[in-house]
């Protein structure tokens, strides 16, 4: 490119820049005005009745009392305490009709159920389940059946007597029918 061509190109670019700036400012000058802005500037303070469809502020309903000292100090992220419900209204009780006089009846003492019979069991002896263990096996005689049985703790005899605890001096037996416990001591001689 020759020097005269470069000068023509520079002139063309300069003219394009001037043209674009002129168009930009011309458009801004001829742009229609914003009606909301124009109304806000021209508006006078005059009471205008609101149309029925327009929203209206009712300042007369606002509380015009003095603000309290806690204004702006409440935590918005904490719920206020729940107010307990109002108690139900108290209704007057109707007056009952007069009753005939009550005759006194003799007070009867409650009848106790009869005591269950004693357990017909005797603790005759014990043995260790294994030579070096602490678990005991008992020898118990049922006098009502004339039979012996050899329970460990937790065993049940004839569906009625459960062995609760065994020691070398006594056996604690629970009567499942009457829901009671009895301690059987070790019988030394027969």
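The values are calculated or read from the model by the stated rules, or taken from the named source; none is laboratory data. On a predicted model such as this, the values are computed, not experimentally measured, just so you know. Here the Cβ is made from the backbone with ideal geometry for all residues, glycine too, and neighbour counts use every protein chain on show.
Within segment 158-171, can you find the residues that are more than 11 Å from residue 121 (Cα to Cα) and surrounded by 14 or more Cβ atoms within 10 Å (Cβ to Cβ)?
Looking only at segment 158-171, we keep the residues that are more than 11 Å from residue 121 (Cα to Cα), and these are 158-160, 162-170.
Correct list: 162, 163, 164, 165, 166, 170.
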Filtered residues of segment 169-190 (kept if touching a strand residue (DSSP E or B) at 6+ places or on another chain (Cβ under 6 Å) and over 14 Å from residue 119 (Cα atoms)):
169, 170, 186, 187
Where residue 118 falls short, out of the listed (1) surrounded by 10 or more Cβ atoms within 10 Å (Cβ to Cβ); (2) assigned to a loop (DSSP other than H, G, I, E, B); (3) in contact (Cβ under 8 Å) with a residue 24 or more places away in the chain
(1)
Extreme residue, farthest from residue 141 (Cα to Cα), among residues of segment 101-120 that are at pLDDT below 80 and more than 52 Å from the chain's Cα centre (by Cα):
101
